[in-house]
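Note sheet for the following structure.
The values are calculated or read from the model by the stated rules, or taken from the named source; none is laboratory data. Fair warning: this is a prediction, and the values are worked out from it, not measured in the lab. For neighbour counting, all protein chains shown are included, and Cβ atoms are generated from backbone atoms with ideal geometry for every residue, glycine included. Just the protein is used for accessible areas: all its heavy atoms, side chains included, with ligands, DNA and RNA removed. Shrake-Rupley method; radii C 1.70, N 1.55, O 1.52, S 1.80 Å.
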Amino acid sequence: MKCILMNKNTEVLVAEYKEKLSVFTKIYEIKNIDYAPMILKNEYQKNGNEEFLRQLSDWFKGRGIPSFRDDLDILLARINISSPKELLDKAFGLSLSDQYWLKPFASKIEYKDINFFDHDFNSADFTNATFSNNYDFSLQVSLISPNNTTDGRLKKTWIIDNGTRYLLKGGYKTEVMQPFNEVLATMICEKLGFNCTKYETIVISSKALSKCPCFINKDTEFIPAYQILYNNCDKTKAYEEYIKILEENGIKDARTKIENMFILDYLLLNEDRHLNNFGIIRDVNTLKWLDVAPIFDSGQALNIIDYNDEEMIINGQGRFFYTTLNFDIITHYIKDFNRFDLSKLDNLPEEFASLLHKYQNITKMTDRRIDKICTLLLARINKLKGIINDNL
Ligand SMILES: Nc1ncnc2c1ncn2[C@@H]1O[C@H](COP(=O)(O)OP(=O)(O)O)[C@@H](O)[C@H]1O
Ligand SMILES: [Mg+2]
């Protein structure tokens, strides 16, 4: 299919897309490289056309549900397709995290006719296919949906509630903590004044999930740090270079906002701050960089992977750009400790314990585990208090 890669209303390039293989096989014309996904623009600037075609296919495939999605096989069986790649062009490749889409070359269709910010989609079926325990296989799930293009390992689904688009996310396999850690991250950010995506708890199909509003609207896109830094930094100095790139592009208080994120991760022992779990928001009409994206995806925390009833690990390793570092070492990169008032977290372990107790009938978490998690949280707060005092 000859098609045009669009960024909202702007033509980016004209290419040949083979639907069956889900690859691009030819670029006919580059129209507006500035409006391309940043990873493609960075590739083009560095290597010209050489790797561009492959990168275009990779980027497009990367919009789909990843092969490592929790319980992918079950989901595919329920929606009756054999691979997430099949979903990619079902709804023009549209997403709720950016404004890219594939327009058939001869088509007169416009962004305003099809985007999922203006147009509702059926989310009940996909939510059911994702989270329910007893699925009715005779159901036909609508594939005209932004659920074709979600990233990440955890089961998730976009829903519409009173006109607002929300992302629902579950825990990994039988683990129940991720959704609660998202809410804990929100509690911390609200108390410390950090800009974050606001997660709450919701129960669907007898599972406690996290629910957060979409932080993108039809004039903006999320650009992950991975794309910003791609072909664009010395990996050994990525932290400073990332902050510099953001500042050069007009993002206010970039350093403060990045530091806040690492402070949050310190408290939570969040092991998963990889380069797709933070980034910036850009205006897709003017290409102006607007802000750092509000902190999201902080669920892989409080040692949930290694945790068992017998042990409690009070330190760990966090992702730090292209490397992994002990959380204590990551704090060496923080320049300004003055602005963190941790006394605001004094009631937090009790508040988090009550949240976990409230949903105990659903999660089946033991009292002992709740106690240990909240003791660990308190230990992290006290450890950070010590570091802040040492640095004043
Ligand atoms: N609130 C949101 N608004 C818009 N896009 C989002 C939002 N939350 C997540 N995303 C996008 O969805 C991707 C997957 O979500 P994430 O929370 O990271 O899931 P996972 O825990 O499975 O990695 C993110 O990398 C980001 O691109
Ligand atoms: Mg993620």
Note to self, the chain gives a 222 nm [θ] from helices alone (DSSP H runs n ≥ 4, -39500 (n - 2.57) apiece, / all residues, nearest 500) of -10000 deg cm²/dmol
The size of the Cβ-based charge dipole (Lys, Arg +1; Asp, Glu -1) of the stretch 257-392 about the Cα centre, to the nearest 20 debye, is 300 debye
Contact order relative to length for the chain, counting C-alpha pairs under 8 Å separated by 6 or more residues, stands in percent at 13 percent
Label model pair GLN360, ASN133: point-to-point distance (7 angstrom along the Cα→beta-carbon line) in nm is 2.0 nm
With T = 25 °C, eta = 0.890 mPa s and Kirkwood Rh from C-alpha pairs, the Stokes-Einstein D of the stretch 45-123 in µm²/s is about 167 µm²/s
Stokes-Einstein, Kirkwood over Cα pairs, the stretch 270-392, 10 °C, 1.306 mPa s; D in µm²/s equals 94 µm²/s
Once the in-chain neighbours fewer than 8 apart are removed, the lysines whose Cα is under 28 Å from LYS383 read LYS191, LYS198, LYS237, LYS257, LYS335, LYS344, LYS358, LYS372
With +1 at each Lys and Arg Cβ and -1 at each Asp and Glu Cβ, the charge dipole magnitude of the stretch 75-179 around its Cα centre, to the nearest 20 debye, comes out at 280 debye
Computed from the beta carbon distance with a Förster radius of 30 Å, FRET efficiency for MET312 and LEU21 to the nearest 0.05 stands at 0.05
For ALA379 and TYR333, extending 7 Å from Cα along the Cα-Cβ vector and measuring point to point gives, in nm, a value of 2.5 nm
Checked against the positive end of the charge dipole of the stretch 220-391 (+1 on Cβ of Lys and Arg, -1 on Cβ of Asp and Glu, about the Cα centre), the farthest of ALA254, THR323, GLN360 is ALA254
Here the stretch 372-385 yields Karplus 3J(HN,Hα) values (6.51, -1.76, 1.60; θ = phi - 60°; whole Hz; Gly and Pro given as x) of 5, 5, 6, 5, 4, 4, 4, 4, 5, 4, 5, 5, 5, 4
Note on the stretch 183-297: contact order normalised by length, alpha-carbon pairs under 8 Å, 6 or more apart, percent, works out to 31 percent
Descending packing, highest mean Cβ count within 10 Å first, for 97-109, 210-222 is 210-222, 97-109
Nearest 10, in degrees from 0 to 90: the angle of helix 38-47 to the longest Cα principal axis of the chain is 70 degrees
Dipole check, the chain, charges on Cβ (K,R +1; D,E -1), about Cα centroid: among PHE116, GLY193, PRO179 the Cα furthest to the positive pole belongs to PHE116
Per the beta carbon screen (other Cys under 4.7 Å), unpartnered cysteines of the chain come out as CYS3, CYS212, CYS214, CYS233, CYS374
On the accessible surface of the stretch 47-109, probed at 1.4 Å with all protein chains in place, carbon and sulfur together account for a percent value of 52 percent
Measuring from its Cα centre, the chain shows a charge dipole (+1 at each Lys and Arg Cβ, -1 at each Asp and Glu Cβ) which, in debye to the nearest 20, is 500 debye
Site ASP371, offset 7 angstrom along Cα→Cβ, radius 17 Å on amide nitrogen, limited to the stretch 227-268, gives none
Distance in nm between GLU11 and LYS90 label points, each 7 Å along Cα→Cβ, equals 3.0 nm
Expressed in angstrom and rounded, the centroid-to-centroid distance over alpha carbons for the stretch 47-67 and the stretch 348-369 is 43 Å
Given all pairs of distinct Cα atoms, the chain yields a Kirkwood Rh in Å of 22.2 Å
Helix 52-61: inclination vs the chain longest Cα principal axis, degrees, rounded to 10, gives 60 degrees
Computed over the chain, protein heavy atoms only, probe 1.4 angstrom, the accessible area per residue in square angstrom equals 44 Å²
Per GNM of the chain with C-alpha springs under 10 angstrom, the most fluctuating residue out of LEU96, LEU21, LEU87 is LEU21
Compactness summary of the stretch 215-329: radius of gyration and Dmax from Cα atoms, Å, are 15.4, 54
So the angle from the long Cα axis of helix 177-192 to the longest Cα principal axis of the chain, reported in degrees to the nearest 10, equals 70 degrees
Between the alpha carbon centres of the stretch 143-212 and the stretch 18-45 the gap in Å comes to 31 Å
Candidates ASN128, ASN347, ASN277; GNM for the chain (alpha-carbon contacts under 10 Å) flags as most fluctuating ASN347
Amide H neighbours of ILE295 at under 5 Å, excluding residues fewer than 5 places away on the same chain, with H built from the backbone geometry, are CYS196, THR197
Residues whose modelled amide H sits under 5 Å from the amide H of VAL23, counting only those 5 or more places away in sequence or on another chain, are LYS18
Sorted by chain and then number, the residues having a modelled amide H within less than 5 Å of the amide H of TYR100, at least 5 places away or on another chain, are LYS8, SER95
